[in-house]
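J.: Got a structure for you, questions after.
Read-outs throughout are calculated quantities, based only on the coordinates presented, and are distinct from any laboratory measurement. Because the structure is a prediction, the values reported are computed rather than measured. Heads up, the Cβs are rebuilt from the backbone with ideal geometry, glycines too, and the neighbour counts pull from every protein chain shown.
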Amino acid sequence: MNRQEALFHYALQMGDNALIIGQRLSEWCGHGPVLEQDIAITNIALDQVGQARSWLQYAAELEGKGRSEDDLAYLRPEFEYRNVLLVEQPNTDWAYTIVRQFLFDVFNFYLHAELQHSTDSGIASIAEKSLKEITYHLRFSSEWVIRLGDGTAVSHRKMQQALDDLWMFTGELVEMNELETGLASSGIVPDLEKIKPLFEARVAKILEEATLIKPESPYMQKGGKQGLHSEYMGFILAEMQSLQRQHPGLKW
């Protein structure tokens, strides 16, 4: 794989992370626990979809085959998506959504903070622009983790259950795949081993404030970066891609 092909696949991977979590968050539109949070989570979904568009536009440019960001978003089969498994996990309830978002936000914040110094100007530009939004996302999800974890007995129990169930998807966030290892050697992407302690420290700090206990299970689920997804991914794509597949080339 040459440099341009590697950049294409990395931009695709980043775009898929943003696209799928954006799709998941959009499911809350009109269903939030209160109006303010309904609007807030919908705005975060829009931010994620906007970031997905930036990454997929760059991927389409790098590929040079005439495909657009819409083609990459809506016209690929499941096994071609490279998002991590965490972002495709179901909302279940507000606790699961907040815990999933928090874990992703912490990783995403430190990743983009490093990517803005990438030796590839396209990646650096997208990361610098996105980091402003991601900083807000992290503040939002962190505050909610603390509020619910250190809230009532019921909210604490629900948050701990969500954390216990989702923790096994965190290992994939900071584990390098072959693509990332190759790009890191050229300074295009960061070494995730350097991000891992920052991720762990930030998560531990917020969980302590939230009176939540970090799960100790060493088992970690992975496969998303290789195109091996959970049972939920097919349902996400069926809903997300339905209009484009029924009416190919449809424009607003």
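J.: Percent relative contact order of the chain, based on C-alpha pairs within less than 8 angstrom and at least six residues apart? Walk me through the numbers on the way to the answer.
T.: Values: 343 pairs, mean separation 60.8, N = 252.
That works out to 24 percent.
J.: Can you tell me which of 54-63, 68-77, 234-243, 88-97 comes out highest on packing, and rank the rest after it, using the mean Cβ neighbours within 10 Å?
T.: Working: 54-63: 20.9, 68-77: 16.8, 234-243: 14.4, 88-97: 19.2.
Top of the packing list down: 54-63, 88-97, 68-77, 234-243.
J.: Here's something else I'd like to know. Fewest first, what order do ASP105, ASP47 take by the number of other Cβ atoms within 10 Å?
T.: On the way: ASP105 23, ASP47 19.
Lowest count first: ASP47, ASP105.
J.: In sequence order, what are the phi-derived ³J(HN,Hα) couplings for the stretch 221-226 according to the Karplus relation 6.51 cos²θ - 1.76 cosθ + 1.60 with θ = phi - 60°, rounded to whole Hz, with x for glycine and proline?
T.: Ordered by residue, 3J(HN,Hα) equals 8, 8, x, x, 5, 9 Hz.
J.: Based solely on its DSSP helices, what 222 nm [θ] is calculated for the chain when runs of n ≥ 4 H residues each add -39,500 (n - 2.57) and the sum is averaged over all residues, nearest 500 deg cm²/dmol? Numbers along the way, then the final one.
T.: Working: 9 runs with 163 residues, N = 252.
Result for the chain: -22000 deg cm²/dmol, rounded to the nearest 500.
J.: Now a separate question. Name the residues whose placed amide hydrogens come within less than 5 Å of the amide hydrogen of CYS29, ignoring near sequence neighbours (fewer than 5 apart) on the same chain.
T.: none
J.: Fully extended, how many nm does the chain gain between ALA40 and GLU143 (0.36 nm per residue separation, minus their Cα-Cα distance)? Let's see the in-between values first.
T.: Details: separation 103, 0.36 × 103 = 37.08 nm, distance 1.30 nm.
Gain on stretching ALA40 to GLU143: 35.8 nm.
J.: So what's the angle, to the nearest 10 degrees on a 0 to 90 scale, between helix 233-246 and the longest Cα principal axis of the chain?
T.: The answer is roughly 50 degrees.
J.: Can you give the net charge of the other residues whose Cβ lies under 12 Å from the Cβ of PHE140, counting K and R as +1 and D and E as -1?
T.: Values: positive: ARG139, ARG147; negative: GLU36, ASP47, ASP105, GLU133, GLU143.
Here the count lands on -3.
J.: Count the net charge of all other residues whose Cβ sits under 11 Å from the Cβ of MET220, scoring Lys and Arg as +1 and Asp and Glu as -1.
T.: Numbers: positive: LYS222; negative: GLU172, GLU175.
So the environment of MET220 carries a net charge of -1.
J.: If the chain between GLN226 and ASP165 were fully stretched, how many nm would it gain, using 0.36 nm times the residue separation less the Cα-Cα distance?
T.: Working: separation 61, 0.36 × 61 = 21.96 nm, distance 2.20 nm.
Between GLN226 and ASP165, full extension yields an extra 19.8 nm.
J.: How much net charge surrounds MET233 when only other residues with a Cβ under 9 Å from its Cβ are counted (Lys, Arg +1; Asp, Glu -1)?
T.: Surrounding charge for MET233 is -3.
J.: Once the Cβ-Cβ distance between GLU200 and LEU243 is put in as r, and R0 is 35 Å, what FRET efficiency do you end up with, to the nearest 0.05? Walk me through the numbers before you get to the answer.
T.: Details: r = 41 Å, r/R0 = 1.16.
The formula returns an efficiency of 0.30 here.
J.: Can you give the angle from 0 to 90° between the axis of helix 94-115 and the longest principal axis of the chain, with both taken from C-alpha atoms, to the nearest 10?
T.: Helix 94-115 sits at roughly 50 degrees to that axis.
J.: Also, I was wondering about something else. Determine, for HIS117, HIS156, the number of other Cβ atoms within 10 Å of each Cβ, and report the residues in order from fewest to most.
T.: Numbers: HIS117 12, HIS156 17.
The fewest-first ordering by Cβ neighbours comes to HIS117, HIS156.
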